[in-house]
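Heads up: the structure comes next, in structure tokens.
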Amino acid sequence: MTTQDTTATAGNPMLQREFSKGSATDGQWNNMTSTLSSQAIGLELPNVTINRLQVNYAAGAAVARIISGKTLKVKGHILANKTGFSCVKSSMLKTPIRLATDDLLQIYPVAVNATANDSEVLALVHSSAGTLPFGCTTTADNTATEIIELNTAQSVGDVFFGSRILGFQIQLEDGARLDKVTIVDSQGGTVVSLYGGVRAQAGSVSNIYNLEANANIMIQKGWKMYVYATSS
């Protein structure tokens, strides 16, 4: 498996600490530790409320999370930046997190896909039931590929059945173009269709997202979310 170096800074307007995971394994969750003490984030910043979380990867794409090491409850997610493209404003947590001593900062990186016309995709989908990370690997340019939940491999209809999708952010590997995102019902009918773009390029709105959108969609069983991507 491939690896890459990852870094992070976490805190609030009064306090920031740095974290890292050298040789983080692509395609799985990796624990990041303090560059000062080599401790996990919960021991480095116990009982501190953080609202800033900047996370950097070397090449590809990445998502990070704060998770309890005891209960495995996830307290928050954020998409990462490519090193050199950080933005504090874009790295504010939607909901501040008060850290407990057992909390861990973890990163899930993916490398740039080496196969022609294939693209790595990560996403955060926000719902009335909470936020979950999704992802997929597309195998053809500008062709529908379903994104599935990273931990359970379930579709949005299975994970969020009976809940409302309130918004989402889509992150493609460096240089790839997000042509379109769709949500379809169990009969294949299109409920939502939105265009994206290329991030961290001239004219792009964000260095983090290829697409960020608000929504208010009641999700039913069998519904799916698709991305159309074109590799660089």
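The values are calculated or read from the model by the stated rules, or taken from the named source; none is laboratory data. Please read all numbers here as calculations on a predicted model, not as lab measurements. Positions of Cβ are backbone-derived with ideal geometry, glycine not excepted, and every protein chain shown enters the neighbour counts.
Side notes on the structure shown:
- Only one entry of Glu146, Glu120 meets the criterion of being touching a residue at least 40 places away in the same chain (Cβ under 8 Å), in contact with a Phe, Trp or Tyr (Cβ under 9 Å, 6 or more places away or on another chain) and farther than 30 Å from Leu43 by Cα, and that entry is Glu146.
- Any chance Ser127 is buried (at least 18 other Cβ atoms within 10 Å of the Cβ), at pLDDT below 95 and in contact with a strand residue (DSSP E or B) (Cβ under 6 Å, 6 or more places away or on another chain): no
- Hits in segment 73-130 - residues which are more than 23 Å from Met225 (Cα to Cα) and of a type in the set (Val, Ile, Thr): Thr83, Val88, Thr95, Ile97, Thr101, Ile107, Thr115
- Only residues that are buried (at least 18 other Cβ atoms within 10 Å of the Cβ) and within 16 Å of Ala80 (Cβ to Cβ) were counted in segment 191-206, giving 2.
- Restricting the first member to segment 6-22 and to residues that are touching a residue at least 12 places away in the same chain (Cβ under 8 Å), and the second to residues that are among the aromatic types (Phe, Trp, Tyr), the beta-carbon pairs closer than 9 Å and six or more apart or on different chains are Thr6/Phe19; Thr6/Tyr57; Thr7/Phe19; Thr7/Tyr57; Ala8/Phe19; Thr9/Phe19; Ala10/Phe19.
- Residue that is within 21 Å of Trp29 (Cα to Cα), part of a loop (DSSP other than H, G, I, E, B) and either touching an Asp or Glu at 6+ places or on another chain (Cβ under 6 Å) or not aromatic (Phe, Trp, Tyr) (or both), where the choices are Asn113, Asn142: Asn113
- Test set (1) in contact with a Ser or Thr (Cβ under 7 Å, 6 or more places away or on another chain); (2) under 29 Å from Thr143 (Cα atoms); (3) aliphatic (A, V, I, L, M) - Ala100 fails condition number: (2)
- Residue in segment 197-205 that is touching an Asp or Glu at 6+ places or on another chain (Cβ under 9 Å), part of a strand (DSSP E or B) and either at pLDDT below 95 or closer than 24 Å to Val112 by Cα (or both) present: no
- The condition of being in the same structural domain as Gly162 (by TED's automatic domain parsing), polar (S, T, N, Q) and farther than 16 Å from Thr145 by Cβ does not hold for Asn210.
- Within segment 174-190, the set of residues being exposed (fewer than 11 other Cβ atoms within 10 Å of the Cβ) and not in a loop (DSSP other than H, G, I, E, B) comprises Thr190 only.
- Tyr226 in a loop (DSSP other than H, G, I, E, B), of a type in the set (Ser, Thr, Tyr) and surrounded by 13 or more Cβ atoms within 10 Å (Cβ to Cβ): no
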